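Colleague: Encoded as structure tokens, here's the structure I'll be asking about.
The values are calculated or read from the model by the stated rules, or taken from the named source; none is laboratory data. Remember, it's a predicted structure, so these values are computed and weren't measured experimentally. Because the Cβ atoms are built from the backbone with ideal geometry, glycine has one as well, and the counts that use them run over all protein chains shown.
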Amino acid sequence: MTSQTDLLERPKAGLERPKAGASWEELVVGQLLRGDAGDPWFWSAHAGAEIDLIASHDGRRWASRVKRADQPRVTRPIREAVTDLDLRGVAVVRAGTRRLTLTPGIEAIPAAEALTSGALAALAAG
């Protein structure tokens, strides 16, 4: 059986699970809620776009989209959320070990970094 710690430290440990993406998302969002996610909420548009977690830090909103993919990309839901919600920053929290800048204000952040360093609040402050 794969533990939550295994999924965070070794993202490929959960790949054999039938609902690996959903499990990964649930685990990461749950852990983010334990950290610096002030006033958290979920956003979805009628057309199906969604953001997994939106929170604020010092009055500035940041968003998080959780993806198990090692090479995430900026998607339509992310672009819509930035525009509609006046977000300061977006983190695509992902499996993997490197931080990537996808576009200005949108970072792909390894889950281990997002959960331990206050990186999400730094996006809001930035």
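Colleague: Restricting to helices (runs of 4 or more DSSP H) lying wholly in region 1-92: which have 3 or more residues that are modelled with pLDDT under 80? Spell out the reasoning first.
Modeller: Working: elements: 4-9, 20-34, 76-85.
By residue number, 4-9, 20-34.
Colleague: Take A91 and decide whether it is touching a strand residue (DSSP E or B) at 6+ places or on another chain (Cβ under 8 Å) and either crowded, with 23+ Cβ neighbours inside 10 Å or of a type in the set (V, I, T) (or both).
Modeller: yes
Colleague: Among the candidates S44, S56, S64, single out the residue that is within 20 Å of A20 (Cβ to Cβ) and either more than 14 Å from the chain's Cα centre (by Cα) or crowded, with 16+ Cβ neighbours inside 10 Å (or both).
Modeller: Numbers: S44 fails: within 20 Å of A20 (Cβ to Cβ); S56 fails: within 20 Å of A20 (Cβ to Cβ).
Criteria check complete, one pass: S64.
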